[in-house]
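Q: Structure below; questions to follow.
Values quoted throughout were computed directly from the atomic coordinates according to the rules given, and no laboratory measurement underlies them. All values derive from a computational prediction rather than experimental measurement. As a convention, Cβ positions derive from the backbone with ideal geometry for all residues, glycine included, and neighbour counts pool all protein chains shown.
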Amino acid sequence: MRTIGSKGRHVFTATFVRFGFRNGYIGPVKTILLQDVTLDSKIVSDHLWFDLTKGFSGADLSPGDVVEFCARVSAYEKGYKGHKDDVLNRPIERDYRLSRPTKIKKIGKKLMLGNYIPVYTSLPITITNNHKLYKYYIC
């Protein structure tokens with residue numbers, strides 16, 4: 001994401017996976033997990049977590065929905081900055097994220113199987129799992 005740059009907004013697409021929570025200052029904050037985040041058909045991140053903003057909650061998302069949104073790339077520091085010895089010591093490093101998502105809209109649907117594996121076909125497919133056969137169709 002560093003090569004995209006932080007000057008200006010870009011249009012990204014991603015697949016919604018699930019809702020989650022993180023600890024906030026006042027209490028739990030609802031979040032969403034997106035996977036296969038792309039810009040111009042190139043994957044820029046395998047997954048991203050966003051807070052559940054008004055825009056995302058207004059899109060009425062369900063697992064497998066493909067969403068399009070505008071966002072900026074921004075840099076941040078990650079790693080442990082405290083002084084406790086009993087905490088796993090991770091070095092501080094610079095990383096990149098997408099921030100300020102706007103213009104969020106659903107543009108399609110992907111069938112999600114198992115551990116969030118997308119299926120890109122409209123034909124019936126057969127999957128073997130623990131010696132059982134399952135047939136899936138995209139509706």
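Q: Which distance in nm do the two modelled labels at C70 and E93 give, with both placed 7 Å along the Cα-to-Cβ direction?
A: 3.3
Q: Follow-up. Could you check the simple spin-label distance between K103 and Y80, using points 7 Å along Cα→Cβ, in nm with one decimal?
A: 4.2
Q: Percentage of Cα-Cα pair distances in region 27-93 greater than 13 Å, rounded to whole percent?
A: Summing the P(r) tail past 13 Å for region 27-93 gives 76 percent.
Q: Report P(r) for region 56-101: all Cα-Cα distances, bin width 5 Å, range 0 to the bin holding the largest distance, values in whole percent.
A: Percent of pairs per bin, in order: 5, 16, 16, 13, 13, 12, 13, 9, 4.
Q: Using per-residue counts of other Cβ atoms within 10 Å, averaged over each peptide, order 41-49, 62-70 from highest down.
A: Output ranking for 41-49, 62-70: 62-70, 41-49.
Q: Also, I was wondering about something else. Which whole-number percentage describes the relative contact order of region 1-68, with Cα contacts under 8 Å and a sequence gap of 6 or more?
A: On the way: 111 pairs, mean separation 24.1, N = 68.
After rounding, I find 35 percent.
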